[in-house]
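One structure is given below, represented as structure tokens, and several questions about it will come after.
The values are calculated or read from the model by the stated rules, or taken from the named source; none is laboratory data. None of the values given here were measured: they were computed from a predicted structure. As a convention, Cβ positions derive from the backbone with ideal geometry for all residues, glycine included, and neighbour counts pool all protein chains shown.
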Amino acid sequence: MGDLVARYKRMCGFNVLHPMGWDAFGMPAENAAIEQKVHPAAWTFENIETMKAQLKLMGYSIDWDRELATCKPDYYGQQQALFLDMMAKGLVYRKESSVNWDPVDHTVLANEQVIDGRGWRSGALVEKRKLTQWFFKITAYADELLNELDNLTRWPEKVVLMQKNWIGRSTGAHVTFELVDAKGQDQGSVEVYTTRPDTLFGASFMALAADHPLVGPRAAYDPALAQFVTECRQMATTEAAMQTAEKKGHRLDLFARHPFDRDWLLPVHAANFVLMDYGTGALFGCPAHDQRDLEFARRYDLPVKPVVVPKGMDPAQFEIGAAAFTDDGILANSGFLDGLDVEAGKLAAIAKLESQGNGRGATQWRLRDWGVSRQRYWGCPIPVIHCDACGVVPVPRQDLPVRLPDDATFDVPGNPLDRHPTWKHVPCPKCAKPARRETDTLDTFADSSWYFARFCGQPDDRPLDREACDYWLPVDQYIGGVEHAILHLLYSRFFTRAMRDCGHLDLAEPFASLFTQGMVTHQTFKDKDGNWLYPEQVRLEQGGAVTIKDGEFVTVGGVEKMSKSKRNVVAPETIVDTYGADTARWFVLSDTPPDRDIEWTDAGIDGAWRFTQRVWRVISENISLAGAVAIRPQGDMGNADLALRRAAHKAIQAVTADIDAFHFNRAVARLYEYTNALQSGLGAEGISATVIREALETLVLLIAPMMPHLAEECWAGLGHDTLVADAAWPSFDASLTREDSVTVGIQINGKRRAEIDLPTDAPEDVVREMVLAQDRVIKLLEGKPVRKIIVVPNRIVNVVV
RNA sequence: GCCCCAGUGGCGGAAUGGUAGACGCGGCAGACUCAAAAUCUGUUGCCUUCACGGGCGUGCUGGUUCGAGUCCGGCCUGGGGCACCA
């Protein structure tokens with residue numbers, strides 16, 4: 001798909017940069033090292049070689065001079081330089097944060113490695129453990145990242161929306177609640193964040209995160225609370241899990257004074273649905289108007305008092321059942337807020353809080369800073385040194401890159417860098433006393449957050465070639481899987497701004513136009529022991545599937561994105577071996593709209609193969625009839641000439657528009673149509689040689705971006721001594737693309753009943769006359785009076801009786 | 001749970017609110033052939049009719065409109081996203 005665009009744009013006269021690189025760090029290589037006892041580097045470079053060979057086999061027009069791999073020191077060393085720049089700018093910091101910890105394997109787990117709360121390899125119950133970790137301050141750009149989404153007009157709306165939700169700006173208030181114990185003794189205060197200050201009079205409890213600073217000390221003398229906190233730590237913290245889990249809590253020996261009524265005391269609970277990472281880690285519960293709070297209140301028999309009532313309803317009649325009322329309405333039972341709508345109520349509540357000094361309006365972001373520490377080997381080492389005397393010291397620039405040691409071991413659990421016998425022991429760059437390297441590596445999303453800029457130019461002494469970036473960036477057309485809609489694209493937008501503020505380039509948005517292609521999916525298969533099987537190992541039979549080797553029963557799994565780990569892949573070589581690269585390229589483009597997922601099947605590839613043959617035949621059989629190179633048709637022409645020229649120019653018009661709109665499957669259909677027209681048109685009497693040449697060359701030029709090898713062969717056959725890849729994309733003559741007459745459907749009362757041939761763009765009154773004069777129309781109308789005639793030019797005529 | 005997207009022949013899919021099913025696959029029939037393959041031609045949404053024609057039809061259900069696959073409301077089913085996979 002990308003190659004088609006690159007070749008097409010090149011033919012249109014653009015200077016095209018079409019590079020390829022390898023995002024090569026990450027867990028798959030480390031898993032392979034553990035499972036297959038191969039070094040991650042060896043495994044990675046072997047895969048790169050295989051994939052590169054596959055890409056070359058397909059004939060992609062890639063500029064291999066710019067190839068890069070993120071796992072090579074010349075790339076990650078420059079990334080370390082960027083890290084130091086960002087550190088100097090205050091965009092990097094350390095703080096405590098929790099990770100999934102496998103207590104048996106002594107290793108940090110990714111969320112995908114935690115299955116039902118247990119480690120995927122060890123099966124041990126996973127714990128949350130606090131580690132001091134590195135963070136990129138992406139929240140410094142939260143406003144900018146959100147606001148500029150609206151200027152990304154050439155991005156899919158879906159992706160823009162997903163990013164907006166991810167950044168998640170909300171407005172509300174911070175409210176301070178004073179705390180007292182059961183005897184009424186002062187116990188300080190706690191701040192909560194709420195998006196619904198208007199519902200404060202409906203409050204019936206306060207809830208704190210299990211990790212809230214007020215909870216820990218109380219767990220020390222309350223074993224049941226300690227138990228509850230442990231449970232919360234073992235709970236999955238994804239949003240989906242938080243919202244679907246049963247709402248549970250534990251009562252604390254604290255009460256919160258209501259901010260509008262000091263004598264009104266709310267019970268305080270620790271609760272499993274409150275996240276320490278969001279807001280202040282504390283909230284007030286208003287069960288009548290929040291579903292989570294309602295479930296919690298029902299479980300613990302807390303009051304449910306409605307304070308927002310649907311418009312026009314009597315507050316006395318309004319009751320909350322199983323569902324909280326979250327729509328707009330009129331405030332009631334709320335003292336000074338009574339009678340206001342939700343929006344006005346929020347403003348009035350905030351104004352009152354501010355005048356009392358126990359609250360203020362606030363904006364809250366769902367976006368959190370980007371935690372980039374990974375306790376793994378196969379990633380970019382974080383270039384800092386920890387010294388007992390000097391603290392955290394950046395590695396001096398001249399010492400970059402900090403290289404990964406080649407002799408790491410993977411046979412024991414834990415971080416290979418941390419347990420390496422020598423690697424981390426270095427002198428402090430400041431005081432020269434013994435110190436330790438940072439053993440965390442960077443999240444691999446960092447690697448892919450700036451590679452597009454490195455493609456523009458790859459200087460040895462700095463991350464980017466600023467002039468080259470000015471020339472090439474932003475990327476005019478970015479094509480990637482929809483699975484990158486949030487993280488990769490957001491991190492790249494952040495990195496670009498960070499690099500801008502560090503003076504490496506002058507740009508905020510890296511990708512001017514984005515196209516998200518669908519995923520290629522395939523059915524999955526497992527043998528009786530639960531091992532994944534390749535499709536070529538399986539034979540489908542009536543009522544099930546068996547292995548080809550020994551006929552054993554096979555479990556047919558779901559249709560999923562092709563991935564090596566699930567073995568549901570089809571190697572492109574197989575298709576290229578049988579049909580050739582051009583047929584494979586054509587087939588991939590032919591059927592499915594490119595933004596939709598496709599389930600891989602080779603049903604239909606015969607059509608692509610036949611088409612390849614037909615193109616070759618129609619060109620080679622007619623070369624001898626074609627006129628000389630470079631002579632265009634002109635002057636008077638017969639009907640046959642005109643018909644063929646029309647077909648050619650219509651094809652140019654349609655294919656150009658379809659490629660511009662990324663409707664490649666339609667472009668393919670137009671080319672099938674044109675080839676049909678060409679074959680019958682060439683058979684007509686009295687075709688001129690110049691017209692034959694134009695018609696044949698048009699076909700070759702139009703297929704050139706899709707089937708480059710065949711197109712070159714045909715182009716040479718037609719007598720050219722230059723490459724069709726360097727030829728200009730054809731333009732069409734508008735006078736040849738419009739027809740003299742059109743067939744228009746006739747509707748009677750909206751139902752299609754007849755049709756009529758009309759001159760193109762005939763005036764409306766002529767159309768009316770011709771339609772009403774048609775025998776069939778007269779018969780169908782049975783003399784009924786015509787009330788109205790709607791004429792849609794060149795489309796349809798609707799007669800209303 | 002929340003947010004978003006999709007649903008059209010046997011299949012992949014076309015269709016600026018204007019002739020639903022372009023194009024391809026598959027099927028059927030025919031030509032060529034001793035035969036097969038390849039190739040070519042015709043045909044192919046469903047029901048009904050000897051035929052002309054008629055009826056139905058874009059997940060279900062209401063609505064807007066001269067006209068709805070397309071716009072709006074409600075529902076059903078499938079898929080995606082929801083912070084350490086990349």
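One residue is enough: does the stretch A:511-530 have a residue meeting the conditions at pLDDT 85 or above and over 19 Å from A:VAL159 (Cβ atoms)?
No, every residue in the stretch A:511-530 fails to be at pLDDT 85 or above and over 19 Å from A:VAL159 (Cβ atoms).
State which residue pairs qualify: first residue near RNA strand B (Cβ under 10 Å from one of its atoms) and inside the stretch A:580-604, second residue basic (Lys, Arg) and modelled with pLDDT of 80 or more in any location, beta carbons under 9 Å apart, and separation of 6 or more residues or different chains.
A:PRO593/A:ARG666
Quickly run through the stretch A:346-379 and pick out the residues that are buried (at least 21 other Cβ atoms within 10 Å of the Cβ) and assigned to a helix (DSSP H, G or I).
A:LYS346, A:ALA349, A:ILE350, A:LEU353
For the stretch A:222-230, state whether one or more residues are small (Gly, Ala, Ser), in contact with a strand residue (DSSP E or B) (Cβ under 8 Å, 6 or more places away or on another chain) and touching a residue at least 40 places away in the same chain (Cβ under 8 Å). Walk me through how you get there before you give the answer.
The first filter runs over the stretch A:222-230 and keeps only residues small (Gly, Ala, Ser), leaving A:224, A:226.
When the remaining residues are screened for being in contact with a strand residue (DSSP E or B) (Cβ under 8 Å, 6 or more places away or on another chain), the result is A:224.
Restricting the remaining residues to those that are touching a residue at least 40 places away in the same chain (Cβ under 8 Å) gives none.
No, there is no match, as no residue in the stretch A:222-230 is small (Gly, Ala, Ser), in contact with a strand residue (DSSP E or B) (Cβ under 8 Å, 6 or more places away or on another chain) and touching a residue at least 40 places away in the same chain (Cβ under 8 Å).
Next up: For the stretch A:383-396, enumerate the residues that are surrounded by 14 or more Cβ atoms within 10 Å (Cβ to Cβ) and of a type outside the set (A, V, I, L, M, F, W, C).
A:PRO383, A:HIS386, A:PRO394
Quick check on my filter: what residues within the stretch A:107-152 are of a type in the set (S, T, N, Q), within 12 Å of RNA strand B (Cβ to nearest atom) and under 26 Å from A:TRP365 (Cβ atoms)?
As a first pass, look at the stretch A:107-152 and keep what is of a type in the set (S, T, N, Q): A:107, A:111, A:113, A:122, A:132-133, A:139, A:147, A:151.
Adding the requirement that they be within 12 Å of RNA strand B (Cβ to nearest atom) leaves A:107, A:111, A:113, A:132-133, A:139.
If the condition is that a residue be of a type in the set (S, T, N, Q), within 12 Å of RNA strand B (Cβ to nearest atom) and under 26 Å from A:TRP365 (Cβ atoms), then A:ASN111, A:THR132, A:GLN133, A:THR139 are the ones that fit.
Scan the stretch A:370-388 and give yes if some residue there is more than 30 Å from A:LEU131 (Cβ to Cβ), touching a residue at least 12 places away in the same chain (Cβ under 8 Å) and of a type outside the set (Gly, Ala, Ser), otherwise no. First the steps, then the outcome.
Narrowing the stretch A:370-388 to residues more than 30 Å from A:LEU131 (Cβ to Cβ): none.
Scanning the stretch A:370-388, I find no residue that is more than 30 Å from A:LEU131 (Cβ to Cβ), touching a residue at least 12 places away in the same chain (Cβ under 8 Å) and of a type outside the set (Gly, Ala, Ser), so the answer is no.
Quick check on my filter: what residues within the stretch A:3-50 are assigned to a loop (DSSP other than H, G, I, E, B), touching a strand residue (DSSP E or B) at 6+ places or on another chain (Cβ under 9 Å) and more than 30 Å from A:ALA728 (Cβ to Cβ)?
Hits for the stretch A:3-50 are A:ASP23, A:ALA24, A:PHE25.
Could you go through the stretch A:235-253 and let me know if any residue there is within 23 Å of A:ARG218 (Cα to Cα) and among the β-branched types (Val, Ile, Thr).
yes
For the stretch A:34-48, what are the residues that are among the small types (Gly, Ala, Ser) and surrounded by 17 or more Cβ atoms within 10 Å (Cβ to Cβ)? First the steps, then the outcome.
Our first condition is that a residue be among the small types (Gly, Ala, Ser); within the stretch A:34-48, this holds for A:41-42.
Scanning the stretch A:34-48 gives a single hit, A:ALA41.
I'd like to verify a number: residues in the stretch A:60-100 that are within 12 Å of RNA strand B (Cβ to nearest atom) and crowded, with 21+ Cβ neighbours inside 10 Å, how many?
2
If A:VAL744 satisfies all but one of (1) under 24 Å from A:ALA643 (Cβ atoms); (2) modelled with pLDDT of 90 or more, what's the number of the condition it fails?
(2)
Test A:ALA142 against the stated conditions and say whether it is among the aliphatic types (A, V, I, L, M) and in contact (Cβ under 8 Å) with a residue 24 or more places away in the chain. Even if it seems obvious, please write down each step before you answer.
Details: among the aliphatic types (A, V, I, L, M): yes; in contact (Cβ under 8 Å) with a residue 24 or more places away in the chain: yes.
Criteria met by A:ALA142.
Does at least one position in the stretch A:262-282 carry a residue that is of a type in the set (D, E, K, R) and surrounded by 20 or more Cβ atoms within 10 Å (Cβ to Cβ)? Please lay out each step first, then the result.
Taking the stretch A:262-282 and keeping what is of a type in the set (D, E, K, R), we get A:262-263, A:277.
If we keep only those that are surrounded by 20 or more Cβ atoms within 10 Å (Cβ to Cβ) too, we end up with none.
Within the stretch A:262-282 (the criterion being of a type in the set (D, E, K, R) and surrounded by 20 or more Cβ atoms within 10 Å (Cβ to Cβ)), the answer is no, since none of the residues qualifies.
Any idea which of A:LEU252, A:LEU266, A:LEU214 is touching a Lys or Arg at 6+ places or on another chain (Cβ under 7 Å), in contact (Cβ under 8 Å) with a residue 24 or more places away in the chain, within 30 Å of A:GLY184 (Cβ to Cβ) and not charged (D, E, K, R)? Step through it out loud before you land on a result.
Details: A:LEU266 fails: touching a Lys or Arg at 6+ places or on another chain (Cβ under 7 Å); A:LEU214 fails: touching a Lys or Arg at 6+ places or on another chain (Cβ under 7 Å).
Testing whether each residue is touching a Lys or Arg at 6+ places or on another chain (Cβ under 7 Å), in contact (Cβ under 8 Å) with a residue 24 or more places away in the chain, within 30 Å of A:GLY184 (Cβ to Cβ) and not charged (D, E, K, R) leaves just A:LEU252.
Those residues that are within 12 Å of RNA strand B (Cβ to nearest atom), surrounded by 11 or more Cβ atoms within 10 Å (Cβ to Cβ) and not acidic (Asp, Glu), I need them from the stretch A:750-778; list them, please.
Those that are within 12 Å of RNA strand B (Cβ to nearest atom), surrounded by 11 or more Cβ atoms within 10 Å (Cβ to Cβ) and not acidic (Asp, Glu): A:ARG752, A:ARG753, A:ALA754, A:ILE756, A:LEU758, A:THR760, A:ARG776, A:VAL777.
Could we say that A:VAL655 is more than 16 Å from RNA strand B (Cβ to nearest atom) and either modelled with pLDDT of 90 or more or assigned to a helix (DSSP H, G or I) (or both) here? Before you say what the answer is, go through the steps one by one.
Numbers: more than 16 Å from RNA strand B (Cβ to nearest atom): no; either modelled with pLDDT of 90 or more or assigned to a helix (DSSP H, G or I) (or both): yes.
No, not satisfied.
A further question follows. Can you tell me which residue among A:ASN676, A:ASN639 is more than 10 Å from RNA strand B (Cβ to nearest atom) and without any contact (Cβ under 8 Å) to a residue 40 or more places away in the chain?
Values: A:ASN676 fails: more than 10 Å from RNA strand B (Cβ to nearest atom).
On inspection, the qualifying residue turns out to be A:ASN639.
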